[in-house]
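Scroll down for the structure; my scribbles are underneath it.
The values are calculated or read from the model by the stated rules, or taken from the named source; none is laboratory data. Treat the numbers as computed from the prediction; the structure is a model and nothing was measured. Virtual Cβ from ideal backbone geometry, glycine too; neighbours counted across all protein chains shown. Keep in mind that these areas ignore ligands, DNA and RNA; they rest on the heavy atoms of the full protein, side chains included. Shrake-Rupley method; radii C 1.70, N 1.55, O 1.52, S 1.80 Å.
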Amino acid sequence: RPGRAIAPRVAAFSSTSNNPFGKNAQSAEPMHPGLKFGLGVTGACGAAVAAYYAYRAAVRPEIHPMLTTNVIPEVSDKIFEQTDNMLVFFFDDKEDLERRKLLLQRTHDRLKKISGLGRVSTWHSFQDGLNAKLSERAGTTEDNSKPIHAMAYKGLRKTSFSFYDADLHPDVQEAMIKFYEPVFEEPFEEWEDHHAQYAQIISGAQFVEEVYKKAGEPNIMLLQMYEDTCFMCFLMRPFINSMSRLFFEEGVPVTIRRMNIDKNDFPPKCPVSRGTPTFVAYYNEYKVRKFEEFKPKDVLERISKDVFIPPRTMKVLHGLVEEVNIRFQLFTQYVMWVVELNKLQAMLVDPVKGHDESDADFNMVVQELMVADMQRRDEVASNIRYLRQEVDEAETDLLYCAAQLAEQVLAQEKKLAGKA
């Protein structure tokens with residue numbers, strides 16, 4: 001545990017007092033002259049710096065003693081990938097930041113005093129033209145009246161705020177406090193029957209009890225963070241259930257839980273993930289590791305480095321990885337049949353206008369079928385059987401609509417021939 005290694009050192013200094021530098025502390029060896037001189041110089045320098053800042057604050061009270069960019073650093077991709085509860089102020093360029101750093105500093109200081117925003121970290125970034133567009137939209141184009149625009153991030157949620165002055169309107173304060181309150185789904189009940197062996201879905205409110213507290217070697221808790229609209233999450237969903245069941249049956253000490261981060265903010269003890277699927281292994285309360293791997297085969301190989309998986313089980317799982325490709329092919333075929341079916345149905349309703357296929361139509365069908373599939377509780381084999389049935393039914397419906405359309409066209413031609 002962290003802290004054990006330093007405990008003996010603390011005890012050595014506190015045998016007669018809890019404060020090793022208090023009145024009752026035991027006397028130690030005389031201080032080395034060089035160390036005494038160094039401490040004296042350091043103290044003198046510190047006093048000089050403090051006096052300088054006090055003087056500058058008295059002469060130029062509007063200038064903060066620290067550079068704004070030190071107090072509110074520039075955000076990077078790496079920081080954004082690892083940080084939650086962020087407020088990022090946007091500027092066109094460094095000159096724009098320099099012109100408005102006083103308002104930025106005052107706004108930052110005011111935010112830090114608001115109860116409920118204590119854990120929010122502030123950053124700045126540059127996006128050329130963004131502030132000009134937002135200010136023009138708000139009707140404030142003069143430099144001295146331009147607000148500072150910021151984007152707030154909590155989990156995968158985000159919203160924008162504009163700050164016209166450092167006083168912060170009560171409505172803005174209330175909106176910010178409400179935005180940073182955690183959002184979780186309602187707790188899920190444990191699945192019954194054979195579904196209990198699958199990867200259980202949890203809400204953020206259940207995370208600590210269902211994942212963090214249940215981790216303890218040799219039992220590893222593996223959390224998959226996913227979204228309903230993530231294609232890789234969708235594609236591997238039944239594989240995760242098959243893997244979970246096989247682990248349960250073979251006594252492999254890995255328990256899988258799934259959490260939808262599109263509907264749940266990141267709970268305490270859960271690392272930030274800006275992309276899905278993301279797998280996080282909890283070995284115990286001190287050892288947590290976020291996997292770089294996210295594809296079915298890679299995740300399986302990564303798990304096998306931490307625990308022993310019987311060779312026969314690995315063989316079965318590798319076979320299921322190959323069947324994920326079959327699932328992809330069937331789903332693609334299913335989507336194409338549904339898209340064509342929609343076109344024919346539109347033509348049956350209005351033969352003249354018809355229906356022009358667009359990327360938006362195709363994407364809408366993909367999204368609808370993905371979201372529906374994500375609600376299912378099945379494994380790879382049963383899901384492949386289900387998709388084959390859906391493909392056959394869609395093909396039958398398509399042929400029926402084609403026949404109906406042909407009859408409609410023939411009837412229209414006969415009608416036109418009769419008039420001739």
List the pairs whose first member sits in segment 88-101 and is of a type outside the set (Gly, Ala, Ser), whose second member is open to solvent by 100 Å² or more (accessible area, probe 1.4 Å), and whose Cβ atoms are under 6 Å apart, counting only residues at least 6 apart or on separate chains? 92/128
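Collect the residues in segment 220-248 that are assigned to a strand (DSSP E or B) and open to solvent by 10 Å² or more (accessible area, probe 1.4 Å), keeping them in residue-number order. Lay out the reasoning, then the answer.
Going through segment 220-248, the residues assigned to a strand (DSSP E or B) turn out to be 220-226.
The answer is 220, 226.
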Of residues in segment 147-180 being in contact (Cβ under 8 Å) with a residue 24 or more places away in the chain and acidic (Asp, Glu), the one most open to solvent (accessible area, probe 1.4 Å): 167
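For segment 383-392, which residues satisfy the criterion of being surrounded by 14 or more Cβ atoms within 10 Å (Cβ to Cβ) and of a type outside the set (A, V, I, L, M)?
As a first pass, look at segment 383-392 and keep what is surrounded by 14 or more Cβ atoms within 10 Å (Cβ to Cβ): 383-384, 386-388, 390-391.
383, 386, 388, 390 - these are the residues of segment 383-392 that are surrounded by 14 or more Cβ atoms within 10 Å (Cβ to Cβ) and of a type outside the set (A, V, I, L, M).
Among the listed residues 111, 104, 117, identify the single one that is part of a loop (DSSP other than H, G, I, E, B), within 25 Å of residue 177 (Cα to Cα), at pLDDT below 95 and open to solvent by less than 60 Å² (accessible area, probe 1.4 Å).
117
How many residues, within segment 249-266, are surrounded by fewer than 18 Cβ atoms within 10 Å (Cβ to Cβ), in contact (Cβ under 8 Å) with a residue 40 or more places away in the chain and not acidic (Asp, Glu)?
So the answer is 2.
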Where residue 360 falls short, out of the listed (1) within 29 Å of the chain's Cα centre (by Cα); (2) surrounded by 17 or more Cβ atoms within 10 Å (Cβ to Cβ); (3) assigned to a helix (DSSP H, G or I): (2)
Does segment 181-200 hold any residues that are open to solvent by 30 Å² or more (accessible area, probe 1.4 Å) and either under 21 Å from the mean Cα position of the chain (by Cα) or polar (S, T, N, Q) (or both), and which are they? 181, 182, 183, 184, 185, 186, 187, 188, 197
Out of the residues in segment 67-87 that are open to solvent by less than 40 Å² (accessible area, probe 1.4 Å) and among the aliphatic types (A, V, I, L, M), which is modelled with the lowest pLDDT? 71
Qualifying position, being acidic (Asp, Glu), touching a residue at least 40 places away in the same chain (Cβ under 8 Å) and either open to solvent by 60 Å² or more (accessible area, probe 1.4 Å) or part of a helix (DSSP H, G or I) (or both), among 407, 368, 413, 395: 395
Is one or more of the residues making up segment 293-303 part of a loop (DSSP other than H, G, I, E, B) and either hydroxyl-bearing (Ser, Thr, Tyr) or without any contact (Cβ under 8 Å) to a residue 60 or more places away in the chain (or both)? yes
Filtered residue count, segment 272-289, keeping only those that are under 24 Å from residue 214 (Cα atoms) and surrounded by fewer than 16 Cβ atoms within 10 Å (Cβ to Cβ): 5
Would you confirm whether or not segment 321-337 contains a residue that is closer than 30 Å to residue 219 by Cβ and without any contact (Cβ under 8 Å) to a residue 24 or more places away in the chain? yes
For residue 332, the lone unmet condition from (1) open to solvent by less than 30 Å² (accessible area, probe 1.4 Å); (2) part of a helix (DSSP H, G or I); (3) of a type outside the set (A, V, I, L, M) is (1)
Give the residues of segment 310-320 that are free of Cβ contacts under 8 Å to residues at least 60 places away in the same chain and either part of a loop (DSSP other than H, G, I, E, B) or of a type in the set (Gly, Ala, Ser) (or both), sorted by residue number. 319
